[in-house]
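Colleague: Take a look at this one; I'll ask things after.
The values are calculated or read from the model by the stated rules, or taken from the named source; none is laboratory data. Keep in mind that what you see is a predicted model, and the values were worked out from it rather than measured. For neighbour counting, all protein chains shown are included, and Cβ atoms are generated from backbone atoms with ideal geometry for every residue, glycine included. What goes into the accessible areas is simple: the full protein's heavy atoms, side chains included, and nothing from ligands, DNA or RNA. Shrake-Rupley method; radii C 1.70, N 1.55, O 1.52, S 1.80 Å.
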Amino acid sequence: MAEEKYKFILFVSGMSVKSVRAVENLKLICDAHLQDRFDLEIIDITKNADLAVKYQIFAIPTLIKVSPAPLRTLVGDLSDTPKVLRILDIA
Amino acid sequence: MIKKSKQKAESKFTFPKTPTGVEGLDEITEGGFPKGRPTLICGGAGCGKTLLSMQFLIKGITEFNENGVFMSFEEPIKDLALNVRSLGFDLNQLIEDKKLVLDYVRVERSEIDETGEYDLEGLFIRLGYAIDKIKAKRVVLDTLESLFSGLDNEAILRAELRRLFYWLKEKGVTAVITGERGEASLTRQGLEEYVSDCVILLDHRVIEQVSTRRLRVVKYRGSTHGTNEYPFLIDETGISVLPITSLKLDNEVSSEIVSTGVKGLDGMFNGGGFYRGSNILISGTAGTAKTTIASYFAYEQCRKKERVIYFAFEESPQQLVRNMKSIGLDLAPYLKNGALQIHSSRPTLNGLELHLLTLRKFIKEFAPTTVIIDPISNLITVGSEHEVRSMLVRLIDMLKLHNITALFTSLNKTGDSLRVDIAEESVSSLVDTWITVRDMEGLGERNRGIFIVKSRGMSHSNQVREFIITSKGVDLLDVELGPNGILTGIARKSNQIRKKAKALKIQSELEWKDREIMRKRKALEANIEALRNEFESVEEELNLLKSTQAFSAKEASINNNKVKTKKK
């Protein structure tokens, strides 16, 4: 089963505690379940405020799963691993 | 930073404020919203929160040169722009000019999942980004509470909101936050706990099928403010608030006289008319020609090239013009050349406050020198006595401030003559001049009488004058005094006839006497003639006698001489 690549955008703000934790949590999940089947883009909105407007970001950290469809938005530091897996539809 | 702003406020005597540019609101808040602090505007659905905050931003840009950011949580930018477009605000132009930033924050519960701890840094950054982009001084957040419906973690939200308000203060922007009215608290989510500098409550209330919007300043930290509920109006130019008692009694007075338009009525005032800028009440029962007198006044003012605005609560403009034409008063040319404006509406169309605001608006736009309201008593059908009185006080205050001569008519209820009418009672102490027109019944007919009840600062006639309306207009008749007072109508006529008969009688008597004397003179003259004749005849007789005697004496002397000679 040719699996589609996962594309994530993670919005963080600088090096805030929650942002760093979110990056760590996401990396753990991806390494454990998706190995090389993912693209991760991390956007620091303190430097790219216009992107925050574009992607309708108000909470930090926010993870957007761009593909595969459907598009999902996850708010929080991704510490609730089972919930993250369920929402991202990762086995 | 917070400490700093507090110190700043303390060091100054006047609390720094940001004018809202909303008509009337600045008067109530004595200068506007607290500068550099958040203000909460709360109210139920559809009471004008968004509009008020939008107007605050737009006026800031257009009138005070302060750029603004509008962050909407409810309506997309397109909808917002369209909504206020109908009020004459072109948001897109302002955005293009880099004076306004609209940011729509979409919080959709179905699209969001919470997976741990988060904060609202995104919101802060977006807001900060927008503020910095145009150097905004004013910020509106409409309605923050949408966040509560989109996100579950209330603890985080509350902490973040608290942080947001501090952050806004730190930024030095004057912020307006709108909130939906809650059942027990001012806002559903208790936003007032966080925004405690200034809270404004909007209300939309229906009393006896008439809706009135009201505004109240619930709190204003560090400043005095009007505490009452103030009615406000939303119309094609946005919101305007009407302060109830913003005026002091210190308006300028004029001693110029304006004519009443009715010649005889002018004569009843010592000064020859009303003072300019005074207010006049014409009260009377139905059909006593109050409107006619009011129209005369309007006509006279137009004739003198003044601007008149006529609010008719009973007749349409066309009807008024037609009716006045029937008594020889042609208002149409003045309507045409713009000197006269007639506004007709049913009193029940609006609440009292709205009426007042509409009057105020027209007066402001048209800048008349004379205002006629015909009749004010009809407004009473809309509100209670207290409301009517307070409205009229404000109306009169406003008119006085602009030095506008105002004429009100008031319809009295017939029958109960002992009790003063509400309208009359509520205005009589406010007006400067009070003219009453009344029916005078008797001898099987009804006549109109007019008299002056009071006229401040001017002596006036104390007579009840009868007046008649003919196809040529109104005419005040001269006073006809009878044995029991002033006479009108038939009594006047019969008195006049009686007087005429009396005069005739005297006249004929005089003539008769004249003739009598003539006769007497003639008789006398005849007598004189007769006497003279008699006298003459006697005289003649005497003369005859005298001459005969003289002749005989002569004869005798001649004879004597002859005898003497003979004897010689």
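Colleague: Take the stretch B:427-439 and flag every residue that is assigned to a strand (DSSP E or B) and surrounded by fewer than 17 Cβ atoms within 10 Å (Cβ to Cβ).
Modeller: Here is the first cut: in the stretch B:427-439, the residues assigned to a strand (DSSP E or B) are B:433-439.
Listed by number, the list holds a single entry, B:Asp439.
Colleague: Can we say A:Leu40 is in contact (Cβ under 8 Å) with a residue 24 or more places away in the chain, farther than 19 Å from B:Asp132 by Cβ, more than 13 Å from chain B (Cβ to nearest Cβ) and open to solvent by 50 Å² or more (accessible area, probe 1.4 Å)?
Modeller: yes
Colleague: Please determine, by comparing only the residues of the stretch B:104-138 that are away from chain A (no Cβ under 11 Å) and open to solvent by less than 20 Å² (accessible area, probe 1.4 Å), which one is farthest from the chain's Cα centre (by Cα).
Modeller: Here the answer is B:Ile134.
Colleague: Keeping to the stretch B:307-347, report how many residues are closer than 21 Å to B:Ile376 by Cβ and either touching a residue at least 12 places away in the same chain (Cβ under 8 Å) or touching a Pro at 6+ places or on another chain (Cβ under 8 Å) (or both). Write out each step before concluding.
Modeller: Of the residues in the stretch B:307-347, the ones closer than 21 Å to B:Ile376 by Cβ are B:307-317, B:319-320, B:323-324, B:331, B:340-347.
Filter again for either touching a residue at least 12 places away in the same chain (Cβ under 8 Å) or touching a Pro at 6+ places or on another chain (Cβ under 8 Å) (or both), leaving B:307-317, B:320, B:323-324, B:331, B:340-347.
Going through the stretch B:307-347 one residue at a time, the tally reaches 23.
Colleague: For the stretch B:434-452, indicate whether the set of residues that are modelled with pLDDT of 75 or more and farther than 30 Å from B:Ala491 by Cα is non-empty.
Modeller: No, the stretch B:434-452 contains no residue that is modelled with pLDDT of 75 or more and farther than 30 Å from B:Ala491 by Cα.
Colleague: Can I ask one more? For the stretch B:153-175, give me each residue that is among the aliphatic types (A, V, I, L, M) and either more than 20 Å from B:Tyr118 (Cβ to Cβ) or open to solvent by less than 20 Å² (accessible area, probe 1.4 Å) (or both).
Modeller: Scanning the stretch B:153-175 gives B:Leu157, B:Leu161, B:Leu164, B:Leu168, B:Val173, B:Ala175.
Colleague: Kindly indicate which of A:Leu51, A:Leu88, A:Leu78, A:Leu71 is at the interface with chain B (Cβ under 7 Å from one of its Cβ atoms) and either among the aliphatic types (A, V, I, L, M) or under 21 Å from B:Ser110 (Cβ atoms) (or both).
Modeller: A:Leu78
Colleague: Quick check on A:Ala52: is it among the aliphatic types (A, V, I, L, M), over 21 Å from B:Ala155 (Cα atoms) and open to solvent by 10 Å² or more (accessible area, probe 1.4 Å)?
Modeller: No.
Colleague: Taking the criterion of being assigned to a loop (DSSP other than H, G, I, E, B), out of contact with any Leu (no Cβ under 6 Å at 6 or more places or on another chain), charged (D, E, K, R) and surrounded by fewer than 22 Cβ atoms within 10 Å (Cβ to Cβ), would at least one residue in the stretch B:269-279 satisfy it?
Modeller: yes
Colleague: With the checklist (1) surrounded by fewer than 20 Cβ atoms within 10 Å (Cβ to Cβ); (2) modelled with pLDDT under 85; (3) more than 14 Å from every other protein chain (Cβ to nearest Cβ); (4) in contact with a helix residue (DSSP H, G or I) (Cβ under 9 Å, 6 or more places away or on another chain) in hand, flag the one item B:Gly88 doesn't pass.
Modeller: B:Gly88 satisfies every listed condition except (4).
Colleague: Still on this structure: Looking at (1) part of a helix (DSSP H, G or I); (2) within 15 Å of B:Glu74 (Cα to Cα); (3) within 13 Å of chain A (Cβ to nearest Cβ), which is the only condition B:Leu141 fails?
Modeller: So B:Leu141 meets the others, but not (1).
Colleague: Please find, among B:Ser211, B:Ser223, B:Ser196, the residue that is under 34 Å from the mean Cα position of the chain (by Cα), among the polar types (S, T, N, Q) and part of a loop (DSSP other than H, G, I, E, B).
Modeller: One residue alone meets the criteria, B:Ser223.
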